[in-house]
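Single-structure report; data block below.
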Amino acid sequence: MRLRFRLTRHPGIPAGAGPAGQAGDWLQGKGDLLIAGMGGQVPVAVQLGVLAHADLGRLADLGSNRRRGSVRRAWGTQMARLAGDLADFAATPQRLAALQRDLLVPLELKALGGHAEFATRAGAVSYLRSQLPLPGAQD
């Protein structure tokens, strides 16, 4: 008897949810979970999507876990630190929603549109740090 493993779902998507479930995950800031869960490096556009749609807890978790191997591989230390800094800066769900609406969603759309400035983690981090009074310390 041979065992066969199949990926039938990933965290955040109900089995059989299909594209609707995937779109729901994206809009809840969970678009990176499948990629990260499989040990891959999350593309910058997906990371910006998480920043643009995640809640305070998710962003704070990324920041506090930035030195864990799985987060470093998937997100990179500086991008995960930026997520935590954004959570600290916003401090409330209302301020985060305004920051996401005014800055992060437009940035996500530019990245998805192929703007070269946001094609790398370093470019995205640099741009966001220049737009907001966030701590710029390096790890």
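The values are calculated or read from the model by the stated rules, or taken from the named source; none is laboratory data. It should be emphasised that the depicted structure is a prediction, and the values quoted were computed from it without experimental measurement. Positions of Cβ are generated from backbone atoms using ideal geometry, with glycine treated the same way; all protein chains shown enter the neighbour counts. Note: areas computed on protein heavy atoms with side chains; ligands, DNA, RNA excluded. Shrake-Rupley method; radii C 1.70, N 1.55, O 1.52, S 1.80 Å.
Summary table
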{"item": "Unmet criterion (only one of (1) modelled with pLDDT of 60 or more; (2) surrounded by 14 or more Cβ atoms within 10 Å (Cβ to Cβ); (3) not hydrophobic (A, V, I, L, M, F, W, C)) for G12", "result": "(1)"}
{"item": "Condition broken by P93, with the remaining ones in (1) open to solvent by 30 Å² or more (accessible area, probe 1.4 Å); (2) within 16 Å of R129 (Cβ to Cβ) satisfied", "result": "(2)"}
{"item": "Yes/no for R66 being touching a residue at least 24 places away in the same chain (Cβ under 8 Å), outside any helix (DSSP H, G or I) and of a type in the set (D, E, K, R)", "result": "yes"}
{"item": "Extreme residue, nearest to G37 (Cα to Cα), among residues of segment 69-84 that are assigned to a helix (DSSP H, G or I), touching a residue at least 24 places away in the same chain (Cβ under 8 Å) and not aliphatic (A, V, I, L, M)", "result": "S70"}
{"item": "Neighbours by Cβ (under 8 Å, 6+ apart or cross-chain): first from segment 44-62, on the phi < 0 side of the Ramachandran plot and part of a helix (DSSP H, G or I); second open to solvent by 20 Å² or more (accessible area, probe 1.4 Å) and of a type in the set (D, E)", "result": "A60/D88"}
{"item": "Per-region count, segment 99-120, residues of a type outside the set (D, E, K, R) and farther than 15 Å from A54 by Cβ", "result": "11"}
